[in-house]
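All remarks here apply to the structure that follows.
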């Protein structure tokens, strides 16, 4: 197990953040959702105690332990007062190593998940986002979302035996990284973890492979939802930018200027403040282990759909052709560097950042290098990354809501 510890004696609290290298990319065909369901079931009872007993053990001291399945990994989060570290680590270890996956709890979890899927289909933003996702990622790609019927069918196929087999194959100490920050002593934390996990067997850790996505012919998808009040639009394109890409810092800076800042970004200033089309407009790029997509989204009145599309495309094209200004770049740098400092001002922020640093192998000196990585960016680098990130002539478009093409 990889363990990263920062001793912070400023207050008597402890935050933990980490991951298991067991994400949705390992799901077998036809049982998509297995990794997430395994993560969700970890705190539903162990071979020693049921879920209520485990919950009471933590609630009694206001401690928390939680897990969440993602495409690339399963996240671990925990927090407690320093005096309750033994209790909290004990629950964490028990849930990670000895989950029982009770059948009655599995049935409840599956039913809740299926209900949530069906309810979410009533939201235009969910429909538009998924349609855009399907335009970007081909069948079989780890980042491609399943259609609702496919999700439900896959969930219904998952059994208790599947959960146990997935856990046995992919959960082990060599698949786990854990960052611990707070009122602790590093040597004591490591000794406690060694004692708690000493009998946990290693597993074969599968390499994480996320294929690149090629830019194809732009697609347009319209999903009429005539009983809704607003229309949601997603537009964008695949990119070659991933978290460890040298252009990551320049690309995220460019996106911040275009649509990442809720108040001063160009899309908001133009479409919200000047044109009055919406309260909700922005853009995002969230590179992860694999390259992902850049997208812009807006929510508008049905009468303004064509105007919004034209305005979005025009502003995106102007941004790429004219580039960012020196003033915009200076403000963006300040925001990112300041945001790093704010994020590291709490134990939870430091633990989360450490976990991310470990997952992406950014180096233990990342915190000291990061301000320079943003601060040294030039206008040329940011504008080049913007052209690499945004393809004005190759934008896919997904529309959901009370709208039909004329």
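Every number here is computed from the coordinates shown, using simple stated rules; none is lab data. Predicted, not measured: the structure shown is a model, and the values here were computed from it. Reconstructed Cβ throughout: ideal geometry from the backbone, glycine too, with neighbour counts over all protein chains shown.
Rg then Dmax, both in Å and based on the Cα atoms of the chain: 23.0, 68. In the stretch 2-197, Cα pairs under 8 Å separated by at least six residues give a relative contact order of 40 percent. Across the stretch 272-406, Cα pairs under 8 Å and at least six residues apart give a relative contact order of 24 percent.
How much of the calculated P(r) for the stretch 176-252 lies past 16 Å, in percent of all Cα pairs? The proportion of pairs with Cα distances above 16 Å equals 77 percent. Solvent-free Debye calculation, one equal scatterer per alpha-carbon of the stretch 29-175: log10 I(q)/I(0) at 0.11, 0.20, 0.22 Å⁻¹ equals -0.49, -1.23, -1.37.
Using alpha-carbon pairs under 8 Å, 6+ residues apart, how would you state the relative contact order of the stretch 17-68 in percent?
Numbers: 29 pairs, mean separation 13.2, N = 52.
Relative CO of the stretch 17-68 lands at 25 percent.
Rounded to the nearest 10 degrees, the inclination of helix 366-375 to the longest alpha-carbon principal axis of the chain is 10 degrees. When you count the other C-beta atoms within 10 angstrom of each residue and take the mean per peptide, 59-70, 39-50 line up highest first as 39-50, 59-70.
To check you understand DSSP bridge types, tell me what percent of the beta bridges within the chain (both residues inside) are antiparallel, rounded to 5. Don't jump to the answer; show the numbers that get you there.
Numbers: 41 of 52 bridges.
Rounded to the nearest five, the antiparallel share is 80 percent.
Diffusion coefficient of the stretch 251-297 by Stokes-Einstein, Kirkwood radius over Cα pairs, 20 °C, 1.002 mPa s: 196 µm²/s. Grouping the Cα pair distances of the stretch 85-132 into 10 Å bins from zero gives a pair-distance distribution of 21, 25, 25, 23, 6 percent in increasing distance order. When Rg and Dmax are taken over the Cα atoms of the stretch 132-288, they come to 22.4, 63 Å.
Of all DSSP-defined beta bridges confined to the stretch 2-197, some 80% are antiparallel rather than parallel.
Roughly how compact is the stretch 220-401, stated as its Cα Rg over 2.2 N^0.38 Å to two decimals?
The value comes to 1.09.
By the compact-protein rule of thumb, 2.2 N^0.38 Å, the alpha-carbon radius of gyration of the stretch 1-101 corresponds to a ratio of 1.14. Separation of the stretch 21-56 and the stretch 147-166, taken as the distance between their Cα centroids, equals 12 angstrom. Across 356, 82, 345, mean-square fluctuation computed from a Gaussian network of the chain (C-alpha pairs under 10 Å connected) peaks at 345. Dividing the summed helix terms, -39500 (n - 2.57) for each DSSP H run of n ≥ 4, by the number of residues in the chain produces a 222 nm estimate of -13000 deg cm²/dmol to the nearest 500. The stretch 288-362 and the stretch 212-281 have Cα centres separated by 9 Å. Helix 160-170 and the long axis of the chain differ in direction by around 90°, with both axes built from C-alpha atoms. For the chain, the longest principal axis of the C-alpha atoms and the axis of helix 148-157 are separated by about 10°.
When the chain is treated as a Gaussian network with alpha carbon springs shorter than 10 Å, the biggest mean-square fluctuation among 93, 35, 161 belongs to 161. For the listed peptides 282-292, 301-311, 130-140, a ranking on the average number of other beta carbons within 10 Å per residue, highest first, reads 282-292, 130-140, 301-311. Structure remark: mean-square fluctuation, Gaussian network model of the chain, C-alpha springs under 10 Å; the largest value among 207, 238, 99 belongs to 207.
What does the C-alpha gyration tensor say about the overall shape of the stretch 78-165? Classify as rounded when a/c is under 1.5, otherwise prolate if a/b is larger than b/c, or oblate.
Because a/c hits 1.5 or more and a/b exceeds b/c, the stretch 78-165 counts as prolate.
Residue-normalised convex hull volume from the C-alpha trace of the stretch 350-398: 135 Å³ per residue.
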